Amino acid sequence: MSFSGKYQLETQENFEAFMKAVGLPDELIQKGKDIKSISEIEESGDNFKVTVTTGTKVLVNVFTIGQESDMETITGEKVKAVVKRDGNKLRVCLKGMESVTELLDENTLVNTITLGSIVYKRTSKRM
């Protein structure tokens, strides 16, 4: 299955606890908790471009599976990371966070980010 497409956030679990743990101010957490972000994924072989738009904030990461890439975290920090593919899952570790993006079926994208004991889960549907 191809990850390519646009997905809109449907549900999220542990948003506030996770955002507090990564250091986002309460004001931004309150603003962001009800915004239905849109993720657009462009996949061409092992090359990916992921654009996540949350309100006015746009986060873009471009990477090649298995190669070190410059990535931006949700807090805006720039880090180097290697994205690995395991079937219908993309895995990456960023600053102590493990992110797994899984294509459950052709229309459902689940992103789970683990930081210590906090698991932040986002479920999006293809638009």
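Quick notes on this one:
- Å² of accessible area per residue within segment 1-53, as computed with a 1.4 Å probe and no ligands counted: 58
- Ratio of the Cα radius of gyration of the chain to 2.2 N^0.38 Å, where N counts its residues: 0.99
- For segment 13-42 versus segment 54-117, the spacing of their alpha-carbon centroids is 15 Å.
- Partner lysines whose Cα lies under 28 Å from the Cα of Lys84, excluding those fewer than 8 positions away in the same chain, are identified as Lys6, Lys20, Lys36, Lys49, Lys57, Lys95, Lys121, Lys125.
- Under a model in which nothing but the beta-carbon of Lys, Arg (+1) and Asp, Glu (-1) is charged, the chain shows a dipole of about 80 debye around its Cα centre.
- Helical runs assigned H by DSSP (4 residues or longer) give the chain a calculated mean residue ellipticity at 222 nm of -3000 deg cm²/dmol, each run adding -39500 (n - 2.57) before division by the residue total.
- With K and R counted +1 and D and E -1, the other residues having a Cβ less than 13 Å from that of Thr11 yield a net charge of +2.
- For the chain, the carbon plus sulfur part of the accessible surface works out to 49%, probe radius 1.4 Å.
The values are calculated or read from the model by the stated rules, or taken from the named source; none is laboratory data. Quick caveat: nothing in here was measured; it's all calculated off a predicted structure. Positions of Cβ are generated from backbone atoms using ideal geometry, with glycine treated the same way; all protein chains shown enter the neighbour counts. When the accessible area is computed, the model is the full protein with side chains, heavy atoms only, and any ligands, DNA or RNA have been set aside. Shrake-Rupley method; radii C 1.70, N 1.55, O 1.52, S 1.80 Å.
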